[in-house]
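Below is one structure, written out as structure tokens, with a few remarks after it.
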Amino acid sequence: MIRTLLIIFALLNIAVSAKALEATETVWLESENVFSCEPKELVIGDALKIKLGEQHGKELAVYRHSENIWLFLVVGSQPPDMVSFMSPLEFKAAKSLEIAHSTTGYRWDSKGGNEAIFSKPGKYTLYVSENLESEEGGYKCELIVKNH
């Protein structure tokens, strides 16, 4: 009886530990020294200025909250039809850049394709990382895009 209870307790402990490992959330930091974007309120048609510090990573993506969609600008494993903003090595070496209103990102969904990033009003979050498709995390900055 005691042996059975010990086995059950051990199995429950393993299950709880495995669940805790699954629940680890990716950490996205905000640091003006590593990754900043200005202005925080952008009018459709305006350009976004980005400053990049040391160790900001080699990949860049934008999340459009209103559509729950990722738009990738710089990624190591890009699809063949993706128009990349620049190469991952160029991005890693960059200290600043500007995203013009005509800049496109690649939709990271079943639809795919390149589309203008800041073409719709709403909340956007930009992410930089060594590898955006990992649980490694990185840095982020948020902004609002308005019609006028």
message: Let me spell it out: the conditions are (1) part of a strand (DSSP E or B); (2) within 24 Å of Glu30 (Cα to Cα), and Glu136 meets all of them except one. Which number is the exception?
response: (1)
Matching entry among Thr104, Thr125 (being free of Cβ contacts under 8 Å to residues at least 60 places away in the same chain, under 17 Å from Ile50 (Cβ atoms) and of a type in the set (S, T, N, Q)): Thr104
- request: Would you confirm whether any residue within region 59-67 is in contact with a Ser or Thr (Cβ under 6 Å, 6 or more places away or on another chain), closer than 14 Å to Val34 by Cα and not in a helix (DSSP H, G or I)?
  value: yes
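Given the criteria out of contact with any Leu (no Cβ under 6 Å at 6 or more places or on another chain), at pLDDT below 95 and either hydrophobic (A, V, I, L, M, F, W, C) or assigned to a strand (DSSP E or B) (or both), does Leu71 qualify?
Numbers: out of contact with any Leu (no Cβ under 6 Å at 6 or more places or on another chain): yes; at pLDDT below 95: no; either hydrophobic (A, V, I, L, M, F, W, C) or assigned to a strand (DSSP E or B) (or both): yes.
Considered against the rule, which asks whether it is out of contact with any Leu (no Cβ under 6 Å at 6 or more places or on another chain), at pLDDT below 95 and either hydrophobic (A, V, I, L, M, F, W, C) or assigned to a strand (DSSP E or B) (or both), Leu71 comes out as no.
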Qualifying position, being more than 16 Å from Lys120 (Cα to Cα), at pLDDT 95 or above, surrounded by fewer than 19 Cβ atoms within 10 Å (Cβ to Cβ) and of a type in the set (Lys, Arg), among Lys40, Lys51: Lys51
- prompt: Does any residue of region 82-94 turn out to be assigned to a loop (DSSP other than H, G, I, E, B), at pLDDT 95 or above, surrounded by fewer than 17 Cβ atoms within 10 Å (Cβ to Cβ) and hydroxyl-bearing (Ser, Thr, Tyr)?
  reply: yes
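The values are calculated or read from the model by the stated rules, or taken from the named source; none is laboratory data. Source: prediction; values computed, not measured. A quick note on method: Cβ atoms are made from the backbone with ideal geometry, for glycine too, and the neighbour counts reach across all protein chains shown.
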